[in-house]
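Read through the structure below, which is laid out as structure tokens, and then see the notes.
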Amino acid sequence: MSGCSGFLETMPSPLLSTLTPFVARFDRATVLAPGLFVSLDKRKPRAPGEGSALQVTFVFQKLKRTVSFDGPEQLGVSDLRVLQGLMSMATAAGLGRLAAGTAGSAVLAGGWQQLVRACGVHSKDGKTIEPRSTSGRRSEQLQKSLQRLAGVRVTASDRADGGEPLVSTDPSCDTRDGFRVRFCAELMGALGAGSNGKQYLTVDMVEARNLRTDAARLLHFRLANVNAGTSREFTQAEMEHMIWGADEADTDAIRKHRRRLLAQAVAAVGALEGWSVQAVQGVKGAWVWRVSRPKPRGASEKRKT
């Protein structure tokens with residue numbers, strides 16, 4: 001790509017038509033860190049001097065290991081879409097294998113139109129935006145999301161490096177041409193680099209791109225922790241936390257609004273092929289949501305061959 005010279009080891013993004021299956025690999029901490037990505041609807045603005053807008057930590061209980069995310073502002077669903085798009089492109093490009101075979105850091109390079117298509121960005125009427133309709137304003141919005149993602153610092157308790165950005169952008173890259181990014185060690189591990197390359201969660205991007213609301217997209221992302229072909233149960237509070245994090249609804253109007261959005265999100269995820277989200281009575285008598293996730297795409301076809 002012309003106009004970019006800062007990062008050396010580069011993997012060009014593949015054509016989206018070749019992505020089969022169309023998935024994004026993620027590390028567990030990025031998916032499960034409470035409140036890393038949230039719906040920003042009806043949020044109370046922070047007053048100056050209240051501290052970092054983003055301070056969340058995920059704990060690996062068995063490993064006694066923590067991964068913390070700190071940044072100047074909260075990440076929303078638009079930022080999640082961009083990171084999912086980048087990770088789906090990196091997954092298909094085999095970025096982790098490239099990094100494992102070189103002494104340097106592997107870098108993903110691509111154009112804004114490719115990223116819009118991979119993200120599944122929607123227009124105001126709810127239709128998925130195709131590459132030919134990408135505008136300069138849309139590219140600017142993607143760049144702002146990239147800046148917010150790059151502003152998040154990831155620190156792991158088992159590393160003494162002082163932390164690193166969630167993603168890093170090439171400052172020498174002419175943004176009119178596209179982007180060049182590299183990922184933190186946690187994300188690279190999910191892509192196949194490092195000793196934890198086999199430990200990852202999979203987000204089906206065909207499903208994600210078909211979800212129209214922020215709440216549904218967040219719920220689908222967090223439910224990547226439900227193993228394919230199995231089911232898990234979650235309380236109402238846990239489901240709400242997946243969408244709004246620790247932000248409490250402080251009025252009846254907001255609580256009703258969120259209950260309505262959650263109901264819509266549950267219906268949208270439950271309508272995906274192979275998924276099931278049902279209200280059932282749990283072991284202790286309380287009503288919970290039982291979530292069943294389909295087996296990976298192509299699994300049945302592989303068994304037949």
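Here is a yes/no grid of residues against (1) of a type in the set (S, T, N, Q); (2) at pLDDT 90 or above:
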residue	(1), (2)
Asp204	no, yes
Ala216	no, yes
Leu223	no, yes
Val226	no, yes
Ser231	yes, yes
Glu248	no, no
| field | Residue pairs meeting the criteria (Cβ under 7 Å; at least 6 apart or on separate chains; first under 14 Å from Leu219 (Cβ atoms), in region 236-259; second among the aromatic types (Phe, Trp, Tyr) and open to solvent by 40 Å² or more (accessible area, probe 1.4 Å)) | value | Met239/Trp289
| request: Could you list, in sequence order, all residues of region 57-99 that are buried (at least 22 other Cβ atoms within 10 Å of the Cβ) and within 20 Å of Asp158 (Cβ to Cβ)? | output: Val67, Phe69, Gly96, Ala99
| query | Can you find a residue in region 56-68 that is in contact with a Leu (Cβ under 7 Å, 6 or more places away or on another chain), at pLDDT 80 or above and farther than 20 Å from Leu223 by Cβ? | reply | no
| query | Within region 196-215, is even one residue open to solvent by 20 Å² or more (accessible area, probe 1.4 Å), among the charged types (D, E, K, R), in a helix (DSSP H, G or I) and touching a residue at least 24 places away in the same chain (Cβ under 8 Å)? | reply | yes
| note | Selection over region 244-278 where residues are in a loop (DSSP other than H, G, I, E, B), under 20 Å from the mean Cα position of the chain (by Cα) and surrounded by 14 or more Cβ atoms within 10 Å (Cβ to Cβ) yields a count of 4
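The values are calculated or read from the model by the stated rules, or taken from the named source; none is laboratory data. From a predicted model like this one, the values you see are computed outputs, not experimental measurements. Positions of Cβ are generated from backbone atoms using ideal geometry, with glycine treated the same way; all protein chains shown enter the neighbour counts. We work out accessible area using only protein heavy atoms, side chains counted, and drop any ligands, DNA or RNA first. Shrake-Rupley method; radii C 1.70, N 1.55, O 1.52, S 1.80 Å.
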